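**Student:** Sharing a structure with you now.
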């Protein structure tokens with residue numbers, strides 16, 4: 001992989017909290033700064049598409065994400081996304097030819113100490129370089145086919161769908 005396109009859509013990974021009552025906004029994408037701090041050995045560009053909580057995503061939003069992926073000249077695409085509807089978006093991206101697409105996010109904002117954001121991004125970067133064409137989810141140290149995974153909200157993790 002010489003080049004990684006990163007499409008950002010918002011979600012917890014980019015949330016900024018303002019008070020103890022959990023008032024938040026989805027802030028600027030964090031992944032560019034994270035990759036720069038890690039001094040990764042590949043070129044990347046960050047393409048912001050949305051800045052939304054994934055529970056608020058619509059079919060039109062998913063169509064915009066799909067169009068952004070299809071419009072990229074490079075094969076490797078990493079998408080940062082909110083975890084609550086990540087599986088729905090991954091499924092909506094099925095069938096895009098010539099691309100390896102990996103969605104990831106965080107269960108805690110990247111700005112929080114102890115966030116899983118950097119770990120998940122690292123896992124997703126490794127996955128996008130090694131997996132074949134198709135759409136994948138990288139969460140909780142595992143790579144998932146979106147057709148067989150779900151978010152377990154009670155346990156706050158991704159797991160095999162029943």
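**Student:** Return the total of residues in the stretch 83-104 being in a loop (DSSP other than H, G, I, E, B), surrounded by 15 or more Cβ atoms within 10 Å (Cβ to Cβ) and out of contact with any strand residue (DSSP E or B) (no Cβ under 6 Å at 6 or more places or on another chain).
**Tutor:** Number of matching residues: 3.
**Student:** Inside the stretch 133-149, can you point out the residues that are surrounded by fewer than 14 Cβ atoms within 10 Å (Cβ to Cβ), touching a residue at least 24 places away in the same chain (Cβ under 8 Å) and within 12 Å of residue 91 (Cα to Cα)?
**Tutor:** Across the stretch 133-149, the qualifying residue is only 147.
**Student:** Name, by its number, the condition in (1) farther than 17 Å from residue 85 by Cβ; (2) in contact with a strand residue (DSSP E or B) (Cβ under 7 Å, 6 or more places away or on another chain); (3) not in a strand (DSSP E or B) that does not hold for residue 143.
**Tutor:** That leaves (3) as the condition not met.
**Student:** Name the single residue, out of those in the stretch 54-82 being touching a helix residue (DSSP H, G or I) at 6+ places or on another chain (Cβ under 8 Å) and part of a loop (DSSP other than H, G, I, E, B), that is farthest from residue 158 (Cα to Cα).
**Tutor:** Per the criteria, the residue is 57.
**Student:** Would you pick out the residues in the stretch 117-140 that are at pLDDT 95 or above and either assigned to a loop (DSSP other than H, G, I, E, B) or over 22 Å from residue 32 (Cβ atoms) (or both)?
**Tutor:** 130, 131, 132, 133, 134, 135
The values are calculated or read from the model by the stated rules, or taken from the named source; none is laboratory data. The structure displayed is predicted, hence computed values, not measured ones. With ideal geometry, Cβ positions are generated from the backbone for all residues, glycine too; neighbour counts draw on all protein chains shown.
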